[in-house]
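Since the structure comes first, as structure tokens, the remarks are kept for the end.
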Amino acid sequence: MRELDLFADWIDAGYAGEMEYLKRRNDSGEYKRSSLEHALPWAKSVIVVAMNYNPPAPRSMETSKATQGWISRYALSPRDYHDIVLAALRRVESALIDEVRASGFDISTRAYVDTGPVLERVYAKYAGIGWVGKNTCIINQELGSWIFLGVIVTSVEYSAFVDTEKLEVAADRCGSCTRCIDACPTEALVAPQRLDASRCIAYFTIEKRGAIPEEMRESIGRHVFGCDICQDVCPWNRRAPLTMNPDLNPDPSLVNPDLSQLAQISRQEFRQRFRGSPIARTKHSGFLRNIAVAMGNSGRSEYIDELERLASSEDAVVAEHAIWAIGKLNEKNHQEYFSPAQILASATESE
């Protein structure tokens with residue numbers, strides 16, 4: 001598959017940022033995700049499944065209050081999608097094993113939901129689930145791009161499961177549309193089907209550890225966890241059906257959440273509230289860092305007191321972003337400007 005060869009080029013271009021798990025190599029020095037036959041030598045076929053996760057919730061491009069943050073649609077459920085999809089995938093895997101063994105054959109399998117050395121989107125394309133859109137998401141003509149992918153790698157040739165003559169690669173139906181590319185605030189979509197993840201809002205708010213580059217903070221807006229812009233503007237998602245899976249229903253408190261309330265969540269509360277949620281991935285430090293940036297981009301001067309509290313945090317990353325946010329709000333509201341050193345000194349004196 002041509003796309004597997006392009007993965008190495010993508011990594012080598014630096015587009016994976018600090019996501020080291022994508023850069024893991026096998027004993028031959030090849031990137032594991034671009035060489036399944038080397039990562040799992042016994043693999044003969046890959047079965048791909050898709051699950052609709054589109055929740056009944058507003059889109060990121062819809063009007064919201066400046067006091068509200070944004071949490072990506074896939075993370076609105078209290079449960080981690082990995083667990084939900086994997087549970088369903090295990091049932092398929094179990095039925096498959098039983099059927100193959102009942103026919104007198106042996107089979108080895110591995111089931112993955114974003115956790116294995118598999119480029120799911122590539123296999124999903126050739127399995128006919130959808131085409132790879134210009135935003136790099138798999139787009140299904142009926143479901144849009146609001147889908148989770150799961151894979152089962154097997155030791156049996158796929159011709160044993162399906163009539164190979166009926167396998168069809170989904171036609172690319174993006175046409176001349178470039179709405180996703182045009183709408184990206186950080187210009188992370190450097191070309192059709194080519195994402196510089198190191199510039200993506202989702203990367204900054206979820207995967208990135210430590211400080212977010214200062215020149216990128218304003219473009220992040222009020223995104224607290226993830227970003228859906230390139231999917232929200234996609235015409236194929238306009239009429240995408242809502243999920244029928246109750247496990248994927250959103251927690252109302254996470255839909256356009258109040259930034260002040262989020263900023264008050266302690267480390268212990270964060271662990272308790274988001275245990276089993278995708279949001280736990282950003283950790284409490286990253287969570288408060290993101291909230292500070294969102295507050296700084298809100299234009300709301302009432303957040304300065306809250307940000308001064310965060311500026312006195314023992315966590316240097318949280319403090320640094322809070323100081324940046326205060327400066328941003330002072331600048332936005334044409335108030336007296338204080339340097340980062342003055343802000344930090346003031347926050348320390350008020351303790």
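The values are calculated or read from the model by the stated rules, or taken from the named source; none is laboratory data. Here the structure is a predicted model, which means the values were calculated and not measured. No Cβ is skipped: glycine too gets one built from the backbone with ideal geometry, and neighbour counts run over all protein chains shown. Heavy atoms of the whole protein, side chains included, go into the accessibility calculation; ligands, DNA and RNA do not. Shrake-Rupley method; radii C 1.70, N 1.55, O 1.52, S 1.80 Å.
Annotations for the structure displayed:
- Restriction of the GluC sites (Glu not before Pro) in segment 1-104 to DSSP coil positions whose beta-carbon has at most 11 other beta-carbons within 10 angstrom yields Glu62.
- Two-decimal Rg/Rh across segment 160-299, once Rg and the Kirkwood Rh are taken from alpha-carbon atoms: 1.05
- Near Leu149, once Lys and Arg are set to +1 and Asp and Glu to -1 for all other residues with Cβ below 10 Å from its Cβ, the sum equals -1.
- A cut-off under 12 angstrom between Cβ atoms defines the neighbours of Arg289, and their net charge, with Lys, Arg +1 and Asp, Glu -1, is +2.
- Degrees, to the nearest 10: 2-12 long Cα axis against longest axis of the chain: 30
- Rounded to the nearest 10 degrees, the angle from helix 81-102 to the longest Cα principal axis of the chain is 10 degrees.
- For segment 1-71, applying the loop criterion from DSSP together with a ceiling of 16 other beta carbons within 10 Å to the trypsin sites (Lys or Arg not before Pro) yields Arg24, Lys44, Arg59, Lys65.
- Cβ-based net charge around Asn237, under 12 Å, with every Lys or Arg adding one and every Asp or Glu removing one: +2
- Taking each DSSP H run with n ≥ 4 as -39500 (n - 2.57) and averaging over every residue of the chain yields -10000 deg cm²/dmol at 222 nm.
- If you wrap the tightest convex hull around every Cα atom of segment 1-95 and split its volume per residue, you get 183 Å³.
- Across segment 189-195, computed HN-Hα scalar couplings (Karplus, 6.51 cos²θ - 1.76 cosθ + 1.60, θ = phi - 60°) run 7, 6, 6, x, 6, 9, 9 Hz from first to last residue, x flagging Gly and Pro.
- Mean separation of Cα contacts under 8 Å, 6 or more apart, over the residue count of the chain: relative contact order %: 21
- The orientation-averaged shadow of the Cα convex hull for segment 82-239, equal to a quarter of the hull surface, comes to 11.3 nm².
- Rounded to the nearest 10 degrees, the angle from helix 340-349 to the longest Cα principal axis of the chain is 70 degrees.
- Qualifying chymotrypsin sites (Phe, Trp or Tyr not before Pro) in segment 81-152, DSSP loop, other Cβ atoms within 10 Å at most 12: Phe105
- Close Lys pairs in the chain, defined as Cα atoms under 25 Å apart and 8 or more places apart or on different chains, number 20.
- Mean separation of Cα contacts under 8 Å (6+ apart) over length of segment 1-139, as relative contact order %: 23
- Sorted largest first, the spans of the alpha carbon positions of the chain along the three principal axes are 76, 41, 40 Å.
- Where only C-alpha atoms are counted, convex hull volume of segment 183-245 per residue in Å³: 118
- Rolling a 1.4 angstrom probe over the protein heavy atoms with all chains in place gives segment 159-240 an accessible area of 52 Å² per residue.
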